[in-house]
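For reference, the structure is listed below as structure tokens.
The values are calculated or read from the model by the stated rules, or taken from the named source; none is laboratory data. What you see is a predicted model; the values in this text were computed from it and never measured. Cβ coordinates were reconstructed from backbone atoms using ideal geometry, including for glycine residues, and neighbour counts include every protein chain displayed.
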Amino acid sequence: MVRGEYRLCMDLAAEVMEFAERLNEPGLLMEALIFPALTRYYRADFVGARGCSERALSNYEDRARCAYWLRYTGEDVGVVHRSVFAWTLWHLGFPDRALRVSREACELGRQIRRILTFAAGLVVAVLVALGTMARGRATRKRYTGGF
């Protein structure tokens, strides 16, 4: 993703998903879904990214499995999926839901007590809040003539 090779990223994400589905391990499926979620997000496919994160959170989230995979990945995928989900909600025009989900990511990061995981959730919560405030100011300005 760093080089913007999104087709390659989607191909690799498909391979990861195929591997995880073959093993049928829910924790691994949740981890695997972050690859297409992030790639779709960076391709501005917000509906697709949202679908990946919703699927992961609703079908595969198990806090014990997340803790297990955290030891190998260094991040809690529940926080990461909530962060991507919050951003996609914001881009799709659901700022209130985005704020709620970003706060969930932040609180989950705090509960886990891993500074990088907490920071990831906090950064998204702050950015969604700032974006929501800016959008609100622009709307007020448009309808009030700048007052």
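Structure data summary
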item: Selected residue [assigned to a helix (DSSP H, G or I), touching a Ser or Thr at 6+ places or on another chain (Cβ under 7 Å) and modelled with pLDDT of 90 or more] from 37, 13; result: 37
item: Residue selected from the range 79-104 under the condition of a type in the set (S, T, N, Q) and under 9 Å from residue 125 (Cα atoms), by the criterion surrounded by the fewest Cβ atoms within 10 Å (Cβ to Cβ); result: 102
item: Considering residues of the range 19-34 that are in a helix (DSSP H, G or I), charged (D, E, K, R) and within 23 Å of residue 85 (Cβ to Cβ) only, the residue modelled with the highest pLDDT; result: 21
item: In the range 40-65, the residues that are out of contact with any helix residue (DSSP H, G or I) (no Cβ under 6 Å at 6 or more places or on another chain), in a helix (DSSP H, G or I) and of a type in the set (A, V, I, L, M, F, W, C); result: 47, 64
item: Subset of the range 75-125 [outside any helix (DSSP H, G or I) and touching a residue at least 12 places away in the same chain (Cβ under 8 Å)]; result: 75, 76, 92, 114
item: Residue in the range 48-66 that is at pLDDT below 85, surrounded by 20 or more Cβ atoms within 10 Å (Cβ to Cβ), within 21 Å of residue 113 (Cβ to Cβ) and not charged (D, E, K, R) present; result: yes
item: In the range 6-24, the residues that are touching a helix residue (DSSP H, G or I) at 6+ places or on another chain (Cβ under 8 Å) and not hydroxyl-bearing (Ser, Thr, Tyr); result: 9, 10, 12, 13, 14, 16, 17, 19, 20, 21
